[in-house]
Amino acid sequence: MLNYTLEVCWALLATLAFSIIFQVAGKRLILSTLAGGIGWVVLSVALHHFRYSSVTSFLFSAMSITIYAEIVAKKMKTTVTTTLIPGLIPLVPGSGIFFTMDNFVQGNYSKAVDLGRETLFVTAAITIGIVFITSISQIIIRILKYKTILQKYQHHHKAHKHKK
């Protein structure tokens, strides 16, 4: 339990640092920092509690961060990337890339290929999670806008009918 708590704290700290580097300020700084913590909690629960594969766990984590970023962007009237990019920093598979290259340099080609494949799959899962949620969000936004326009038109049309 202490290990998971420390991992989440490190994810929060890393996200905070990158949020500052990306010049996120004020309340948005706190909200973007929380994105990294939320993502890491989802990743840890998926990996350790539900025993999902790393690829599936990273997919769910990226999806949760993207959902959170979409909500924050709407509430704070800011861009999604203000929260999304810093929130994804803890998920970047840097160690996978490092150990892939390390094994290539040391001549452990089989291990390097395995690690490289896993790193590519994790990267693809993160990307797919972001694209999927962003696409769904855009569809929902368009449906809601269309519904609002349709209601205004119907209200205007009814008011115009009653005048005749």
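Among the residues that make up segment 137-150, is at least one of them touching a residue at least 24 places away in the same chain (Cβ under 8 Å), outside any helix (DSSP H, G or I), closer than 29 Å to residue 21 by Cβ and over 12 Å from the mean Cα position of the chain (by Cα)?
Checked segment 137-150: no residue is touching a residue at least 24 places away in the same chain (Cβ under 8 Å), outside any helix (DSSP H, G or I), closer than 29 Å to residue 21 by Cβ and over 12 Å from the mean Cα position of the chain (by Cα).
Kindly check whether there is at least one residue in segment 54-70 that is surrounded by fewer than 19 Cβ atoms within 10 Å (Cβ to Cβ) and of a type in the set (D, E, K, R).
For segment 54-70, residues surrounded by fewer than 19 Cβ atoms within 10 Å (Cβ to Cβ) and of a type in the set (D, E, K, R): absent.
Can you tell me which of (1) β-branched (Val, Ile, Thr); (2) assigned to a helix (DSSP H, G or I); (3) within 26 Å of residue 23 (Cβ to Cβ) is the one residue 100 doesn't meet?
The number of the failed condition is (3).
Answer yes or no: is there a residue in segment 118-133 that is loosely packed, with under 12 Cβ neighbours inside 10 Å, modelled with pLDDT of 95 or more, part of a helix (DSSP H, G or I) and of a type in the set (Gly, Ala, Ser). If you could, list the steps in order and put the result at the bottom.
Of all residues in segment 118-133, those loosely packed, with under 12 Cβ neighbours inside 10 Å come to none.
Within segment 118-133 (the criterion being loosely packed, with under 12 Cβ neighbours inside 10 Å, modelled with pLDDT of 95 or more, part of a helix (DSSP H, G or I) and of a type in the set (Gly, Ala, Ser)), the answer is no, since none of the residues qualifies.
If a residue has to be within 18 Å of residue 68 (Cβ to Cβ) and either of a type in the set (Gly, Ala, Ser) or modelled with pLDDT under 90 (or both) to count, how many in segment 134-151 make the cut?
The qualifying residues number 2.
Output the residue which, of all residues in segment 49-76 that are assigned to a helix (DSSP H, G or I) and either among the aromatic types (Phe, Trp, Tyr) or touching a Pro at 6+ places or on another chain (Cβ under 6 Å) (or both), is farthest from residue 118 (Cα to Cα).
68
Within segment 55-63, identify whether any single residue is over 15 Å from residue 131 (Cβ atoms), in contact (Cβ under 8 Å) with a residue 60 or more places away in the chain and among the β-branched types (Val, Ile, Thr), and answer yes or no.
The answer is yes, given that some residue of segment 55-63 is over 15 Å from residue 131 (Cβ atoms), in contact (Cβ under 8 Å) with a residue 60 or more places away in the chain and among the β-branched types (Val, Ile, Thr).
Among the candidates 112, 46, which residue alone is among the hydrophobic types (A, V, I, L, M, F, W, C), closer than 22 Å to residue 4 by Cα and either without any contact (Cβ under 8 Å) to a residue 12 or more places away in the chain or in a helix (DSSP H, G or I) (or both)?
Exactly one residue qualifies, and that residue is 46.
Among the listed residues 33, 79, which satisfies the condition of being free of Cβ contacts under 8 Å to residues at least 60 places away in the same chain and in a loop (DSSP other than H, G, I, E, B)?
Details: 33 fails: in a loop (DSSP other than H, G, I, E, B).
Within the list 33, 79, the selection yields 79.
The values are calculated or read from the model by the stated rules, or taken from the named source; none is laboratory data. Bear in mind that the values here come from a model prediction, so they are computed numbers and not experimental data. All Cβ positions, glycine included, derive from the backbone under ideal geometry; neighbour counts span all protein chains shown.
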